[in-house]
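**Q** Shown below is the structure under consideration.
The values are calculated or read from the model by the stated rules, or taken from the named source; none is laboratory data. Quick caveat: nothing in here was measured; it's all calculated off a predicted structure. Note that each Cβ is placed from the backbone with ideal geometry, even for glycine, and that neighbours are counted across all protein chains shown. We work out accessible area using only protein heavy atoms, side chains counted, and drop any ligands, DNA or RNA first. Shrake-Rupley method; radii C 1.70, N 1.55, O 1.52, S 1.80 Å.
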Amino acid sequence: MRKAFSRLLILCLLSGCSLFYPSEDPAKVQKEIIRYLENKYGQEFVVVREAKYNYELGEFSLIAHPKGNKRVTFVGYKSKNRGYFDTYPVALWSKQSEDEIKPLIDQLYPARERWEFTSDVGTNESLYEELDHKNLPDYQEIRKQHPDKMRSIVDIFLFKDLNESNKDEELEKAFQLIEFFREKGIQRFRLEISFYEERLLREKGRDIKVSGEYIDYLRHDIVLTHERAKKVRTPKDIEKYLVEYPK
């Protein structure tokens, strides 16, 4: 299948065919997507990245944010097979989840050792159909209404050498995060704390983007899910989920 697609691509490039070009004007589609969003959510949106066509998926997409709230960026689509759809609710809830947990992250992981952290929300697509899109509930409210359909995903990346002298302290921090999920009634979650060698900060600087490019600097990892957390009663219980990677 892949070979056939490659041959077709080469033939089209040689012959100048229009198979891989959009059948509609991107500027026109962009207006359609924005109109769809404004009708759906009853508010204005600002385009951050103009509509582009993905020939493999057969769909247009753009990036936008609500007027007056630049922090919540999301994707709007027009698809040949699925019609119009978007990621606005989950983008909104993810930003609200980040705001909720950030004070604790700031307290536990000082800026000098923190590389990046993300807090995202996962949910069932079926939930979207039940919502009043013009009056979207906030993250705390939707989580309370549908705890079994909401999932918190927190990733923390650190410039920190984990060793025997600071291991207990780091396990205690992970335990405090589990306690945060419990106190907030978050039934489904995934927490990952990744420890990269401090020399990565010295060699590459703080502004580098988290990516697989620096995997050779990753030395320890803690992954905790709500299933694993059921067995965690003390910080020491987390040690079984601490993974060390060889140099």
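**Q** Give Gln187, Gln176 a once-over and let me know the one that is in contact with an Asp or Glu (Cβ under 7 Å, 6 or more places away or on another chain) and under 17 Å from Ile101 (Cα atoms).
**A** Of Gln187, Gln176, the one residue that is in contact with an Asp or Glu (Cβ under 7 Å, 6 or more places away or on another chain) and under 17 Å from Ile101 (Cα atoms) is Gln187.
**Q** Something else about it: In the stretch 65-118, what residues are of a type in the set (S, T, N, Q) and either crowded, with 17+ Cβ neighbours inside 10 Å or more than 19 Å from Asp155 (Cβ to Cβ) (or both)?
**A** Of everything in the stretch 65-118, those that are of a type in the set (S, T, N, Q) and either crowded, with 17+ Cβ neighbours inside 10 Å or more than 19 Å from Asp155 (Cβ to Cβ) (or both) turn out to be Asn69, Thr73, Ser79, Asn81, Ser94, Gln96, Ser97.
**Q** Further, regarding this structure: Which one of these is in contact (Cβ under 8 Å) with a residue 12 or more places away in the chain, not charged (D, E, K, R) and not assigned by the TED database to the domain that holds Gly205: Val154, Val72?
**A** Answer to the selection: Val72.
**Q** Something else: Tell me, which strands (runs of 3 or more DSSP E) wholly within the stretch 160-247 include 2 or more residues that are within 18 Å of Phe117 (Cβ to Cβ) and under 20 Å from the mean Cα position of the chain (by Cα)?
**A** 189-196, 218-225
**Q** Please verify whether Glu56 is over 21 Å from Leu191 (Cβ atoms), more than 21 Å from the chain's Cα centre (by Cα) and assigned to a helix (DSSP H, G or I), treating the condition exactly as stated.
**A** no
**Q** Also, quick follow-up: Going residue by residue through the stretch 113-134, is there one that turns out to be more than 23 Å from Arg233 (Cβ to Cβ), assigned to a helix (DSSP H, G or I) and in contact (Cβ under 8 Å) with a residue 60 or more places away in the chain?
**A** Yes, the conditions are met somewhere in the stretch 113-134.
**Q** Name the one entry in Phe189, Phe157 that is in contact with a helix residue (DSSP H, G or I) (Cβ under 6 Å, 6 or more places away or on another chain), within 25 Å of Lys209 (Cβ to Cβ) and surrounded by 15 or more Cβ atoms within 10 Å (Cβ to Cβ).
**A** None of the other options fit; the residue is Phe189.
**Q** Here's something else I'd like to know. Filter the stretch 91-112 for residues that are within 23 Å of Ala64 (Cα to Cα) and of a type in the set (S, T, N, Q) and give the result.
**A** Ser94, Gln96, Ser97, listed by residue number.
**Q** Ok, one more. For the stretch 27-51, how many residues meet the condition of being open to solvent by less than 50 Å² (accessible area, probe 1.4 Å) and in a helix (DSSP H, G or I)?
**A** 8
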